[in-house]
1. Anything in the chain that counts as a DSSP H helix reaching 24 Å or more along its axis (C-alpha) with Kyte-Doolittle mean of at least -0.5? List them, would you?
2. Please give the residues of region 192-215, grouped as numeric ranges, whose backbone N is less than 13 Å from a label point set 7 Å along the Cα-to-Cβ vector of HIS247.
3. For THR420, what is the net charge nearby, where nearby means another residue's Cβ is under 12 Å from its Cβ and Lys, Arg count +1, Asp, Glu -1?
4. Taking the Cα centre of the chain as the origin and placing charges on Cβ (Lys, Arg +1; Asp, Glu -1), which of GLY333, LEU171, MET132 is farthest toward the positive end of the dipole?
5. Under 16 Å Cα to Cα from LYS136, which aspartates and glutamates show up? Leave out anything in the same chain fewer than 8 places away.
6. Per DSSP helix of 4 or more residues, -39500 (n - 2.57); summed, then divided by the residues of the chain. What does that give at 222 nm, rounded to the nearest 500?
7. Quick one: which of LYS176/LYS217; LYS145/LYS217; LYS229/LYS321; LYS88/LYS251; LYS279/LYS429 span more than 30 angstrom between C-alpha atoms?
8. Between region 286-320 and region 336-410, what's the alpha-carbon centroid distance in Å?
Amino acid sequence: MKRTPLLVLLVLAGTGLLRAAPPNIVFIVSDDQLWSDYSFMGSKDVRTPNLDRLAAQSLTYTRGYVPSSLCCPSLASMITGQYPHQHKVTSNDPPFPTDGTPKKQFNKSKGFGDGREVMNRYMDAAPSLPRMLAQKGYLSLQTGKWWQGNFSRGGFTHGMTRGERHGDEGLDIGRKTMQPIYDFIALAQKEQKPFFVWYAPMLPHQPHNPPERLLEKYRAKTPSLPVAKYWAMVEWFDETCGQLLDHLDQKGLSNDTIIVYLSDNGWITNPQTGAYADKSKQSQYDGGLRTPIMLRWPARITPQRSARLASSIDLAPTLLKAAGVPVPASMSGLDLFDSAAVNGRDTIYGECFTHNSMDLNRPAASLRYRWLIEGDWKLIVPATRNEPTATVELYQLDADPTEMKNLAAGEKERVYRLQTKLDAWWNGK
């Protein structure tokens, strides 16, 4: 066999003609989890040993955010690197019907007809991560939550969801099995292709029905059974993450695989009803918007903890750049591996919309709130069309992390300056 001389290999490497294989990517998304419900984020009640281990091995942004605190638009922003008003998937579901169908029945139905298809077509038109990674030969697998029709609509080469509202067979992942992911990784290895795995199980999302062995651990920690069930669900989700991380270790894939972790939106359990409490899911507050964002890449990145602001819209451009794929101009997020870029940013933005769209073609029609964070200051501006009684809110997050004291009335100059900045980002029209 004819060997390439070492000197030639060194020259090729120096010219960039000899490049390392693109990294594998595993994208882990928890579903309805409060930003502080992790041991590594300070929780004294919830145990998350596997996510603690991942955080210790990762570039961990403790002040991460999603732009919208609702599942469907949040997931769409992660995978497209765009804000909801850009990709137009602003809400979980199409507008309510005018034929008298009860709202709850409509939202739990599997169809939605033409309205859902309009939302799916917006995903077809977006620069989705798996579709763009295919340029580098990636195989991609969808599991868990997926709202936009068949998995192929997002550009995945393989998947579990066939087209029902937000998962059908895809929701078996984590709660019932991890095997589809293991089988896919084996397939990618056999075909010698880089892979992208989307692991977005409906955990710790309702129904809060954890294994009894986990629920027993939390019963004595709270007088509220609904809270105990939620905490046990968080640990159940953590166990599945450990299984996935262990599998990568066993297959010798961890060093060259980027692991991404975040939550799609926050959750605070109402201790009486078990539903989500105010200031969490669907809200404009940190209880619904904030999440730790972790990126592990042992071959390239030194683990560290950062208090700089990070957003889920940063993830798509970060991963595309790592894979050697050109980042489209429509993605305005930063490369989270670029410390200079992250350190140079002092502001992030977001927007919250109605659960059911008011008009699928006009994002502004469904807008409830726009918000920005500059340093430790957070401004929230309501869209009076949908929130007629709401007022502008201003919080100093370092002193008031649960956003209890609205400072807007005494900080008029700051409010004016921040609102001008928010309007320059998107004026909500």
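1. 225-250
2. Residues passing the 13 Å test: 196-201.
3. Residues close to THR420 contribute a combined charge of 0.
4. MET132
5. GLU191, ASP256
6. -9000 deg cm²/dmol
7. LYS229/LYS321; LYS88/LYS251
8. Comparing the Cα centres of region 286-320 and region 336-410, I get a distance of 20 Å.
Read-outs throughout are calculated quantities, based only on the coordinates presented, and are distinct from any laboratory measurement. Keep in mind that what you see is a predicted model, and the values were worked out from it rather than measured. Because the Cβ atoms are built from the backbone with ideal geometry, glycine has one as well, and the counts that use them run over all protein chains shown.
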